[in-house]
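In what follows, a single structure is set out as structure tokens and then discussed.
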Amino acid sequence: MNLIQFMGALEIGLLYGLVGIGVLLSFRILDFPDLTVDGSFPLGAAVCAILIVEDVNPWIATFCAILAGMAAGLTTAWISVRWNILNLLASILTMTALYSINLRIMGRSNIALLGEETIFRPLESSSYSLLYTKPIAMFVVAGVVLVLIYRFLSSEKGLAMRATGANPRMAKAQGIAINRQILFGISLSNGLVALAGALFAQGEGFADVTLGSGTIIVGLAAVIVGEAFFNPKVIFTALIACVVGSIFYRLTVAMALNAGFLGTQSSDLNLVTAILVGIAMITPKLRAKILDFKAARNSA
């Protein structure tokens, strides 16, 4: 793997770290399996791209993409809590509908942003190479989002959301409006995913209706891989683990696909992903067994 491939994997890893944080909010914090992210990622890219093409300020376009993602998440959560539909089924309904909605928004399956004004345009006019400036910009964005989410989850409202996911009955007994917490939490989760989609479209120069394919797997990989290495006990470490897990995942996939002795090709991406996530899921169990074995041997 050369320098260009390494920096590219680092950039995409930081970007998908936002997806990992969004998945952490839904799967870990709220215990709400949510497949909407497969639709909200391309939704953010579609909304941002079509607005930029229509000469809207790219910052405003990015903000609108976040709002669109939050609306998608709100729809999923509303279907689930209002009509008592299984959260997984509710998210599948929204994800399926978003495919057609994204096509409606873009008017076609693909929009090119080459030559258009994006939030990364100032980096192109700098004296430094985009090879380094774009990963740095993604690092700043991921860092800001991480700190903001941490501050929110440490606040009274954030603690109420965490209590809702940990023990809904206890949270309700304490006067917490658990339905509102779910509505806002899933909205926030998909807003982050849509932000990642908007940044992806501007960074890569295109938006495509198929961008969301496998987004949930990448998000889960970031969470699971990060947890396997960090074994986080506090929320700040869990957030950092998502970003680091996403970077490690992208770098590992890049190395695996570029390892000539393995004979892997780009078409093997899903296989490599499945193997990596499987190893990450098995690692904590192996670690626990090793610790139990050592404890038993020491007691003997």
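The values are calculated or read from the model by the stated rules, or taken from the named source; none is laboratory data. If you're wondering where the values come from, they're calculated on a predicted model, not measured in any experiment. All Cβ positions, glycine included, derive from the backbone under ideal geometry; neighbour counts span all protein chains shown.
For residues that are surrounded by 14 or more Cβ atoms within 10 Å (Cβ to Cβ), farther than 14 Å from Val225 by Cβ and more than 20 Å from the chain's Cα centre (by Cα), scanning just segment 256-300, find the one that is modelled with the lowest pLDDT.
The qualifying residue modelled with the lowest pLDDT is Thr264.
Residues to consider are Ala238, Ala280, Ala228; find the one that is of a type outside the set (Phe, Trp, Tyr), assigned to a helix (DSSP H, G or I), in contact with a Ser or Thr (Cβ under 6 Å, 6 or more places away or on another chain) and in contact (Cβ under 8 Å) with a residue 12 or more places away in the chain.
Working: Ala238 fails: in contact with a Ser or Thr (Cβ under 6 Å, 6 or more places away or on another chain); Ala280 fails: in contact with a Ser or Thr (Cβ under 6 Å, 6 or more places away or on another chain).
Criteria check complete, one pass: Ala228.
Select, from Val47, Val53, the only residue that is touching a strand residue (DSSP E or B) at 6+ places or on another chain (Cβ under 8 Å), over 24 Å from Ala256 (Cβ atoms) and among the hydrophobic types (A, V, I, L, M, F, W, C).
Numbers: Val47 fails: touching a strand residue (DSSP E or B) at 6+ places or on another chain (Cβ under 8 Å).
Exactly one of Val47, Val53 is touching a strand residue (DSSP E or B) at 6+ places or on another chain (Cβ under 8 Å), over 24 Å from Ala256 (Cβ atoms) and among the hydrophobic types (A, V, I, L, M, F, W, C), namely Val53.
State whether one or more residues within segment 46-57 are within 22 Å of Ile247 (Cβ to Cβ) and either among the basic types (Lys, Arg) or buried (at least 24 other Cβ atoms within 10 Å of the Cβ) (or both).
Our first condition is that a residue be within 22 Å of Ile247 (Cβ to Cβ); within segment 46-57, this holds for none.
There is no residue in segment 46-57 that is within 22 Å of Ile247 (Cβ to Cβ) and either among the basic types (Lys, Arg) or buried (at least 24 other Cβ atoms within 10 Å of the Cβ) (or both).
Gly214 versus (1) at pLDDT 95 or above; (2) of a type outside the set (S, T, N, Q); (3) under 25 Å from Leu35 (Cβ atoms); (4) within 16 Å of the chain's Cα centre (by Cα): which is the lone unmet condition?
(1)
Hey, does segment 145-158 have a residue that's among the aliphatic types (A, V, I, L, M), under 22 Å from Arg250 (Cα atoms) and buried (at least 19 other Cβ atoms within 10 Å of the Cβ)?
The first filter runs over segment 145-158 and keeps only residues among the aliphatic types (A, V, I, L, M), leaving 145-149, 153.
From what is left, the residues that are under 22 Å from Arg250 (Cα atoms) are 145-146.
Then keep just the ones that are buried (at least 19 other Cβ atoms within 10 Å of the Cβ); that gives 145.
Yes, the conditions are met somewhere in segment 145-158.
Which ones in segment 34-55 are in contact with a helix residue (DSSP H, G or I) (Cβ under 8 Å, 6 or more places away or on another chain) and hydrophobic (A, V, I, L, M, F, W, C)? Even if it seems obvious, please write down each step before you answer.
Taking segment 34-55 and keeping what is in contact with a helix residue (DSSP H, G or I) (Cβ under 8 Å, 6 or more places away or on another chain), we get 34-52.
Scanning segment 34-55 gives Leu35, Val37, Phe41, Leu43, Ala45, Ala46, Val47, Cys48, Ala49, Ile50, Leu51, Ile52.
If I go through segment 16-33 residue by residue, how many of them are at pLDDT below 95 and either under 13 Å from Leu153 (Cα atoms) or surrounded by 24 or more Cβ atoms within 10 Å (Cβ to Cβ) (or both)?
1
Filter segment 102-132 for residues that are aliphatic (A, V, I, L, M) and without any contact (Cβ under 8 Å) to a residue 40 or more places away in the chain and give the result. Quick ask: steps written out before the conclusion?
Residues of segment 102-132 that are aliphatic (A, V, I, L, M), as a first pass: 103, 105-106, 111-114, 119, 123, 130-131.
Passing the criteria: Leu123, Leu130.
Could you pull out the residue among Leu159, Leu146, Leu199 that is at pLDDT 95 or above and within 15 Å of Val23 (Cα to Cα)? Before the answer, list the steps.
Working: Leu159 fails: within 15 Å of Val23 (Cα to Cα); Leu199 fails: within 15 Å of Val23 (Cα to Cα).
After applying the criteria, what remains is Leu146.
If you go through segment 86-95 one residue at a time, how many are without any contact (Cβ under 8 Å) to a residue 24 or more places away in the chain and assigned to a helix (DSSP H, G or I)?
Within segment 86-95, the subset without any contact (Cβ under 8 Å) to a residue 24 or more places away in the chain is 86, 89-90, 93.
Right, trim to assigned to a helix (DSSP H, G or I) and you get 89-90, 93.
Of the residues in segment 86-95, 3 are without any contact (Cβ under 8 Å) to a residue 24 or more places away in the chain and assigned to a helix (DSSP H, G or I).
Looking only at segment 167-182, which residues are of a type in the set (A, V, I, L, M, F, W, C), more than 12 Å from Leu25 (Cα to Cα) and either in contact with a helix residue (DSSP H, G or I) (Cβ under 6 Å, 6 or more places away or on another chain) or in a helix (DSSP H, G or I) (or both)?
First pass over segment 167-182, keeping only residues of a type in the set (A, V, I, L, M, F, W, C): 170-171, 173, 176-178, 182.
Within this subset, residues satisfying the condition of being more than 12 Å from Leu25 (Cα to Cα) are 170-171, 173, 176-178.
Scanning segment 167-182 gives Met170, Ala171, Ala173, Ile176, Ile178.
May I ask you to say which residue of Thr133, Thr164, Thr118 is in a helix (DSSP H, G or I), among the hydroxyl-bearing types (Ser, Thr, Tyr) and over 30 Å from Ile182 (Cβ atoms)? Give the derivation first.
Values: Thr164 fails: over 30 Å from Ile182 (Cβ atoms); Thr118 fails: in a helix (DSSP H, G or I).
From the options Thr133, Thr164, Thr118, the qualifying one is Thr133.
Please determine whether any residue of segment 62-82 is touching a Leu at 6+ places or on another chain (Cβ under 8 Å) and surrounded by fewer than 16 Cβ atoms within 10 Å (Cβ to Cβ).
Scanning segment 62-82 turns up no residue that is touching a Leu at 6+ places or on another chain (Cβ under 8 Å) and surrounded by fewer than 16 Cβ atoms within 10 Å (Cβ to Cβ).
Take the residues in segment 34-43 that are surrounded by 24 or more Cβ atoms within 10 Å (Cβ to Cβ) and of a type in the set (A, V, I, L, M), then tell me which one is farthest from Ala68 (Cα to Cα). Steps first, please.
Quick first cut of segment 34-43, residues surrounded by 24 or more Cβ atoms within 10 Å (Cβ to Cβ) only: 34, 36-43.
Narrowing the set further to residues that are of a type in the set (A, V, I, L, M) leaves 37, 43.
Working: Val37: 12, Leu43: 7 Å.
Among residues in segment 34-43 that are surrounded by 24 or more Cβ atoms within 10 Å (Cβ to Cβ) and of a type in the set (A, V, I, L, M), the one farthest from Ala68 (Cα to Cα) is Val37.
Can you spot a residue in segment 133-154 that is without any contact (Cβ under 8 Å) to a residue 60 or more places away in the chain, out of contact with any helix residue (DSSP H, G or I) (no Cβ under 9 Å at 6 or more places or on another chain), more than 25 Å from Leu88 (Cα to Cα) and not aliphatic (A, V, I, L, M)?
The answer is no; no qualifying residue exists.
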